[in-house]
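Reading through the structure tokens given below for one structure.
Nothing in this text is a laboratory measurement; each read-out follows from the coordinates by a stated rule. In this text the structure is predicted, and so the values were computed from the model without any measurement. Glycine also receives a Cβ, built like all others from the backbone with ideal geometry; neighbour counts cover every protein chain displayed.
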Amino acid sequence: MTQTFDSLVSQFRAPGLRFEVGRGGLTKIVIKNEICQGEIYLHGAHVTHFQPSGQPPVLWMSEKSLFEEGKPIRGGIPICFPWFGPLASDPNAPGHGYARLNEWELTTAKTESSGEVTVTLETNIDSFHLTYQVCFGKTLALSLTVSLHESSKGEVPFEEALHTYFAVSDILRISVEGLEGVGYIDKVDGAKIKEASGQLIRFTGECDRVYLDSDTDCVLRDTDRSIRVRKANSHATVVWNPWVEKSARMADFGDDEWRHMVCVETANVGKHSITLAPGESHTLTARIEVE
Ligand code: BG6
């Protein structure tokens, strides 16, 4: 069901929250109060902006992003589900699955006395029901619950990722801490499995890695701030920067924009995919804090 703009405005009232017609005519929820600013589109339940007061924006958005039904938004936090990357069994299936292409339904919106604004969006994909709760406050808290319908004929596996694009001063000057003790799949080197490097991640070329058994926090160290990603029920972390040539190949990504972004994605993919039995649920969470 697509919610009309007027029905949203009349049904949901919460201090610090308003609805706007966003880019491409798509509906967005805008949060603005004394503790933070944020935005989330119903298209893809896609968070496109988060900025705690006194800080520059935490999330990166491409100036070349499309805002179109049936197309993913480039930047912010796309939700990858029920598969990650291309679907092995069908090369024509959309990359990263349907969640970022669906029109989600807003089901709750609430403001706490602290100023935190929490919205819940829901959608159905195949035999799954997805509930995404996003709390905009001094931190950004994301919680994705996937439930398999009781009527499903058996167990069903899925992959998922909160594909977070962070804004950085300069990719050449940042590092990512927290993954030095775990091995990874190196997607820019034939998907070879590499051993733990024991080093912070620094960027000197295209990086597309799936860190395995990575359950702990990651900290993005930038020149003027650090951003901590705390997570629960996530066993994989994807780190991505397309660098020069891949950026040039992507129509919805500016040729020089790679320098100012990095993705650190809270995920369950590959050997960490999740399998649910009918009636079961799984919740993935990430909390993004500026330190
Ligand atoms: C990353 C993948 O998570 O997403 C990369 O590891 C991929 O391989 C990138 O290129 C962007 O994907 P898309 O479908 O949004 O262009």
- Radius 14 Å from Cβ of S152, net charge of other residues (Lys, Arg +1; Asp, Glu -1): -3
- Note on the structure: If N is the residue count of the chain, its Cα Rg over 2.2 N^0.38 Å rounds to 0.96
- Query: Normalised by the number of residues in region 160-291, what is the relative contact order in percent for Cα pairs under 8 Å and 6+ residues apart?
  - Reply: 30
- Mind jotting down the three principal axis lengths of region 136-180 based on Cα atoms? Whole angstrom, largest first. 51, 29, 16
- Pulled fully out, how much extra length does the chain show between T107 and A14, if you take 0.36 nm times their separation in residues and subtract their Cα-Cα distance? 32.2 nm
- Message: Out of the trypsin sites (Lys or Arg not before Pro) in region 101-170, which ones are loop residues according to DSSP with at most 10 other C-beta atoms within 10 Å?
- Response: K153
- Query: Using 1/(1 + (r/R0)^6) with R0 = 22 angstrom and r between the beta carbons of K64 and L87, what's the FRET efficiency to the nearest 0.05?
  - Reply: 0.30
- Note: D189 to S281 extended length (0.36 nm per residue) minus current alpha-carbon separation gives 29.6 nm
- Message: For a test of the definition: using alpha carbon positions, the gyration tensor, and the 1.5 limit on a/c, classify region 1-64 as rounded, prolate or oblate.
- Response: oblate
- Message: Using only DSSP helix segments of four residues or longer, with each worth -39500 (n - 2.57), what per-residue ellipticity at 222 nm results for the chain after dividing by its residue count and rounding to 500?
- Response: -1000 deg cm²/dmol
- Item | Under the Karplus curve 6.51 cos²θ - 1.76 cosθ + 1.60, θ = phi - 60°, whole-Hz ³J(HN,Hα) for region 92-98, x wherever Gly or Pro sits | 8, 6, x, x, 6, x, 8
- Assign one of three labels to region 171-291, namely rounded, prolate or oblate, based on the Cα gyration tensor with a ≥ b ≥ c the square roots of its eigenvalues; rounded applies when a/c is under 1.5, prolate when it is not and a/b is larger than b/c, and oblate otherwise. prolate
- Let a ≥ b ≥ c be the square roots of the eigenvalues of the Cα gyration tensor of region 1-107; is it rounded (a/c under 1.5), or, if not, prolate (a/b larger than b/c) or oblate? oblate
